[in-house]
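Since the structure comes first, as structure tokens, the remarks are kept for the end.
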Amino acid sequence: MAQATAVHPNSALTPTGRAQMVDRHLIDGAPIAHVAREFRVSWDTVKKWVTRFLDQAEPGLADRPSTPWESPTTTEAAVVARIEALRRELKWSA
């Protein structure tokens with residue numbers, strides 16, 4: 001049985017593990033459901049990596065940044081200062 005090696009908490013497999021998973025489906029002809037069970041991931045996960053590999057080849061199996069494309073706007077410093085002052089004044093900690 002193949003080993004799933006974690007890279008970080010949001011990643012079930014390393015790029016090498018993803019390549020093995022994709023090969024198991026595309027080269028060996030194993031059904032996605034069987035590959036998913038073997039690698040202990042969901043059917044959707046196997047399908048995602050197979051699709052990325054077919055679209056982008058080997059680079060498609062690399063980790064992508066988990067940071068959002070856009071960050072929400074920050075609160076103005078004057079508003080933050082006012083909120084902090086009110087919290088101190090009213091002794092709110094939450």
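Coordinate-derived values only; no laboratory data. This structure is a prediction, so every number in the text was calculated from the model and none was measured. Every residue, glycine as well, gets a Cβ built from its backbone with ideal geometry; the counts of neighbours run over all protein chains shown.
Points to keep in mind about this one:
- For region 64-82, residues that are loosely packed, with under 10 Cβ neighbours inside 10 Å and of a type in the set (A, V, I, L, M, F, W, C) total 3.
- Residues (in contact (Cβ under 8 Å) with a residue 24 or more places away in the chain and within 13 Å of the chain's Cα centre (by Cα)) located in region 42-63: T45, W49, L61, A62, D63
- Long-range neighbours under 6 Å by Cβ, at least six apart or interchain, first residue among the hydroxyl-bearing types (S, T, Y) within region 64-76, second part of a loop (DSSP other than H, G, I, E, B): S66/N10
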